[in-house]
Every structure is written in structure tokens, then in C-alpha cells.
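Report on the following structure.
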Amino acid sequence: MVETDDYNIAKVHTSAVPNYNNTKKNSITKEVTDDPADRPVTFKKPVEERKGGDLLSAFLAFVPINIKEMTTTNFESIFVNDSNFYMRFTWLVAEGNSWTLKYTDEVEPNTKLFIDEFGRDALNDMERVCFQILAYKRDKNFIIKPVVDVQFRIDPVKFYKLHAFRENDFFETPALLYTLIENDVPQRPLVVNAQTLKQQMYGNKDAEGVQHNQGRDSLVRRYDDQHSKGKVTHNRTQDDKLVVDLHASNLLETTSGMSAGDILNYQLDVFKRTMEENKNNKGKKIVFIHGKGEGVLRQSILQELKYRYKKCSFQDASFQEYGYGATQITIR
């Protein structure tokens, strides 16, 4: 600005002159600040549904990290949601008679969720597991699905067998799959249902009559009183084995008025009573004759041995002496 003493000439103030350099700089700064690439992504791709996906199907998958080294490799556990529903699931692990939460999360429709990586040393800690699944859809109407609650055993031996890992539709490599639910049908539960048992033993005939029978406890007490507890066959062989025949015809004079579930529970009571009476006799051998049949009684006995009498060892009894329907137990 040129100074002058002539007060008739107006003075020019610098603040009134626009600064084009600053204006351009501010414009560039604003433009960079408002870059769309820096804005948060709010758009979410709609969930794609597939034909037939409204039937619930879910699997627990175990995938080896290196299938060529089966003896040393670790494994990935993955939850597979093969349906058009969101699934909120919990994975529980049994510890004796109680349960511990191992993992819980939500899985989107038709997706897989990685859970964790583990070695074989962790297999013994998750032999008996339970999955509970709640299925639902978002932002649309849907037919409600029952809550899934399944229990099953994970066989550690399978993790050493290459043929247990098979080609499948979910992974590029072979995997070991455990079905949780498929086409709305849950995995068969561990707990034996009395009505299901009767259907297996007698077919569907008279299955509806199960609910009209008296309760298990009263029936056990009644038959204990009328037919005595001592009717169990206790035969001692040369090697001092205790032989218990669990056939209903041997335990009871009549099964009139008893459902198949009641008979099974009575047989298990005899088994438990015998085990409790001999649990302190270390080295004692007991042979339970349960018969072959459908294998329901045998499986129930094995379940008791694994979770109630863990210290006892057991094996199939001699085929020559007892046929194919007997189990020998050694008290430890």
C-alpha cells in the first residue's frame, strides 16, 4: 500500500482484498476432507436365500490343517449354517454331570464360522458335547422353528483315521462332519425317550398308551415289593465272576401294566444297584446279560459306565459263555 498525505485518496485495506491462494488451498483441503472413500460404509448387501434353505441344516466340522500329516496336524473347528436362517448357537461341553460353555456366536445364513484351532490333546476335554441353536430371520416374516438341543459324543479315535475325513459340499479338503440338524430333523439325542424306545421294541402299535402308564418310581417300588429284589440271578463261575441277567423275564414275574420305558428304567436300576453294591470290590468282575435286541439297554449301560463309573473297565463278555448280548465289567 502506498502511503500519502492526500486525505482525498481512499486507503485500500488488505483485509478487503480476497486472497485467491488461501481460497484455493481451503477448497482443496475441504475437497480432500470430504472424500467419499473416507466415509464409513453403511450399505449392507441383503442376505441371499437359496431354494430349499428354509429347512434348517447345521453341522459341526473338523478340518485338518495338513491332511498329509494326520498324526501331528492340528484341526480347525467350524460351524456350518446351511440354511436361510440366522443361527445363534451355544456349544457346551460336559464335565461329569455339569456343563461348561465352550463357545457362543451368531452365524449368518448359508455361511461358515471359524471357531478355533486345537490339537489332539484337547479331544478328551470335549468328548460329550451339546449344541443349542435358535434360528430366526431379520427384516422379514418367517415360520418359527423349534429351538434345537442336541447332545452327542465326539469320537477321538476318528481323528487318527484318514478315511473318517471325507469329501463334502462345504470345504475343498476332506472334513469330519457331525450333523446337528438336517432338513429340520435334529441329531438323535443321547437320552433315550420312553415312547421312542417302545416304538423301537414293538413298532408304532400302542405307542400312544405310554403316557397312560404309572410313573417309573411307583412301578419300581411296586415290583420290588411284590417280586422281591433278590430275583436277580447271581451265579458265580469258576473265576468268581458275578453274573447278572437283566432280561425282563428274569427280573419280573410279569410286565403287565409296564411300558417299554418303565422296563428299561427298572433294568437300569438293577444295574446301578449291583454296581453300587460292588463298587468297593477292586478287581471284581461282573457280567451283565442284556441281550442283543435293538441295543438300547446295552447303550444305556455303556453310557452309565462312561459317565458314572469312569474308573471301571469294560468289554464284551465271552461269546461262548453268554452269547452276543453280555458286557463284562471290572471294578477299579
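Brief remarks on what is shown
- The Stokes-Einstein estimate for the stretch 142-188, based on a Kirkwood radius over Cα pairs and taken at 4 °C with 1.567 mPa s viscosity, is a diffusion coefficient of 100 µm²/s.
- Fully extending the segment from residue 69 to residue 48, taken as 0.36 nm per residue of separation minus the present Cα-Cα distance, adds 3.8 nm.
- For residue 172 and residue 311, a Förster radius of 56 Å and the Cβ-Cβ distance give a FRET efficiency of 0.80, rounded to the nearest 0.05.
- Local electrostatic count, residue 316, Cβ distance below 15 Å [Lys/Arg +1, Asp/Glu -1]: +3
- A full extension of the chain between residue 299 and residue 121 corresponds to an added length of 61.4 nm, given 0.36 nm per residue minus the alpha carbon distance.
- R0 of 41 Å, Cβ-Cβ distance residue 253-residue 104: FRET efficiency to nearest 0.05: 0.20
- Note that the stretch 51-98 presents 40 Å² accessible area per residue, ligands and nucleic acids not counted, probe 1.4 Å.
- Remark: relative contact order (the stretch 104-159) = 35 percent; criterion is Cα-Cα distance under 8 angstrom and separation of 6 or more residues.
- Extension gain (nm, one decimal) between residue 90 and residue 136, 0.36 nm per residue minus Cα-Cα: 15.1 nm
The values are calculated or read from the model by the stated rules, or taken from the named source; none is laboratory data. This is a predicted model, so every value here is computed, not measured. Please note: Cβ atoms are built from the backbone with ideal geometry, for glycine as well, and neighbour counts cover all protein chains shown. In case anyone asks, the SASA skips ligands and DNA or RNA and just uses the protein heavy atoms, side chains included. Shrake-Rupley method; radii C 1.70, N 1.55, O 1.52, S 1.80 Å.
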